[in-house]
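These notes concern the structure reproduced below.
The values are calculated or read from the model by the stated rules, or taken from the named source; none is laboratory data. Just so we're clear, the structure is a prediction, and the values are computed from it rather than from any experiment. Cβ placement follows ideal geometry from the backbone for every residue including glycine, while neighbour counts extend to all protein chains displayed. These area figures cover heavy atoms from the full protein model, side chains too; ligands, DNA and RNA do not enter into them. Shrake-Rupley method; radii C 1.70, N 1.55, O 1.52, S 1.80 Å.
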Amino acid sequence: MIQKIFTTAIACLVAFSCYAQRQTDEFTTKSGKKVRFTCIKHASIQISYDGLEIQVDPVGMGMKPETDYSQFPKANIILVTHEHHDHFDHAAIQLLRGSGTTIYTNPAVHTQLGSSRVMKNGDKVHYSDNITIEAVPAYNTTPGREQFHPKGRDNGYVLTLEDLRIYIAGDTEDIPEMANLKDIDIAFLPCNQPYTMTIDQAVNAAKIIRPKVLFPYHYNDTPVNKITLQLYKEGIRVLVRNYQ
């Protein structure tokens, strides 16, 4: 199935376009529906699919470049990986929240936010017939870094839209559990030491997961173009967008 998706669908990728002055990439599901990924910044991603708006780790005015989420449509789904300020912004969530918004968070964010659906590592929910969300581990393993993202606290997410499987890693290193991720079409992998992965770790993670398309994100001043060079012969398409 995955091969069919990408022989007929990923050819429809718009490698770079501009939507509301932001970088947007477009994919097509097997049924012909469009999935658009709009780069907001750092770890903040907007995903549009079949009339639905999905926001990942929305952070607004408290982090540059400032983002005014009052100018965005209300979100149907908000995913928050963990409670750090560059991932969790209560004010941005309030601007995006409407009467039909469902917010999925790790337990710590739920405690601070007060109203969300808690997902722990390993939990899986069916938002609709065409959409599933799975919380997967995200943590540090290098000695001396464990305090940044301890094991069991934070989430990554696997978001499945029809037959398109999207891995949003959150803040993590190249952990053993990545070997359990199967048939990933699009992956977002963080790359900013010492908090997440080094370039070599991100390359190793990509080789383990083997997505069709990789977006390095959460990378600050890391020279992530080196990831492109190292994965050139691996059949993984690397798209670098403004996720500093």
Between residues in region 171-195 that are more than 22 Å from D25 (Cβ to Cβ) and residues that are of a type in the set (K, R) and open to solvent by less than 50 Å² (accessible area, probe 1.4 Å), which pairs lie under 6 Å by C-beta distance while being six or more apart or on different chains? P194/R145
Give just the number: which of (1) at pLDDT 95 or above; (2) of a type outside the set (D, E, K, R); (3) more than 15 Å from I168 (Cβ to Cβ) does I47 not satisfy? (3)
Give me the pairs: first residue in region 55-75 and under 8 Å from D89 (Cβ atoms) and open to solvent by less than 30 Å² (accessible area, probe 1.4 Å), second residue in a loop (DSSP other than H, G, I, E, B) and of a type in the set (V, I, T), beta-carbon distance under 9 Å, and six or more apart or on different chains, which are they? P58/T67; V59/T67; G60/T67
For region 124-133, give me each residue that is open to solvent by 60 Å² or more (accessible area, probe 1.4 Å) and either without any contact (Cβ under 8 Å) to a residue 40 or more places away in the chain or more than 22 Å from I184 (Cβ to Cβ) (or both). K124, H126, D129
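Of D50, D86, which residue is among the acidic types (D, E) and on the phi > 0 side of the Ramachandran plot?
From the options D50, D86, the qualifying one is D50.
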T172: among the hydroxyl-bearing types (S, T, Y), within 20 Å of H84 (Cβ to Cβ) and within 17 Å of the chain's Cα centre (by Cα), yes or no? yes
Can you name the strands (runs of 3 or more DSSP E) wholly within region 92-148 that have at least 3 residues being under 16 Å from the mean Cα position of the chain (by Cα) and modelled with pLDDT of 95 or more? 97-105, 131-138
